[in-house]
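Data block below; observations after.
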Amino acid sequence: MRASAIGYSLASYRHLPGENAGMKPIIAATVLSIVTTLAACGGGGDKTVPQAQLEGDSFADIGDHVVHFSAMSTDQIPPEVAKAYGIVRSKNRAMLNVSVVEQSSGKGVAALVTVKTVNLTGQLKNITMRKITEGDAIYYIGESPVANRETLVFDISVTPEGADEPSELRFQRQFYSD
């Protein structure tokens, strides 16, 4: 978790109503304890996995390239776009969208994109990515069923064309269908 996110979490408790003022130090200490514990559980692997923002579209700098990724329920896609790309529109379907852009030119590049997705109970969600090309833009999309309030953790492996090693990144999104 980034320091600014930690600061925001702690700062949000400064505005508790007066009768709960005695709880502020306890809540702040609890939040800090949880954040510290989670940070300590990062593991000891050799590779650093870039962490994306918690909300909105996200990206990760992987050297010569930037990977843009987002996930949304497919009912948010306009009907004509969904029809054109064979996407099933539903509040109970999630779509992952990944694109790889070369930093020097700003142009989309082809890549090998694979995804492993699980929910918070560890249930595997199969997502097969497919390539879509629109002019100079290249996108990789995949869909999966999703339940109301289900959080999906996306582990994405990206190997841009011409790269020797894959870059790994992870992010999560919670979906609502009500």
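From the residues in segment 117-135 that are loosely packed, with under 15 Cβ neighbours inside 10 Å and within 14 Å of L152 (Cβ to Cβ), which one is modelled with the lowest pLDDT? This residue is N126. Against the criterion of being under 18 Å from D155 (Cα atoms), modelled with pLDDT of 95 or more and of a type outside the set (D, E), V66 qualifies.
Within segment 86-102, which residues are touching a residue at least 12 places away in the same chain (Cβ under 8 Å) and over 30 Å from D64 (Cα atoms)?
Within segment 86-102, I87, V88, R89, S90, K91, N92, R93 qualify.
Take A111 and decide whether it is in the same structural domain as F154 (by TED's automatic domain parsing) and surrounded by 17 or more Cβ atoms within 10 Å (Cβ to Cβ). Considered against the rule, which asks whether it is in the same structural domain as F154 (by TED's automatic domain parsing) and surrounded by 17 or more Cβ atoms within 10 Å (Cβ to Cβ), A111 comes out as yes. For segment 81-127, a tally of residues being assigned to a strand (DSSP E or B) and under 18 Å from N148 (Cα atoms) returns 9.
The values are calculated or read from the model by the stated rules, or taken from the named source; none is laboratory data. Here the structure is a predicted model, which is why all the values come from computation and not from measurement. So basically every Cβ, Gly included, is an ideal-geometry build from the backbone, and we count neighbours across all protein chains shown.
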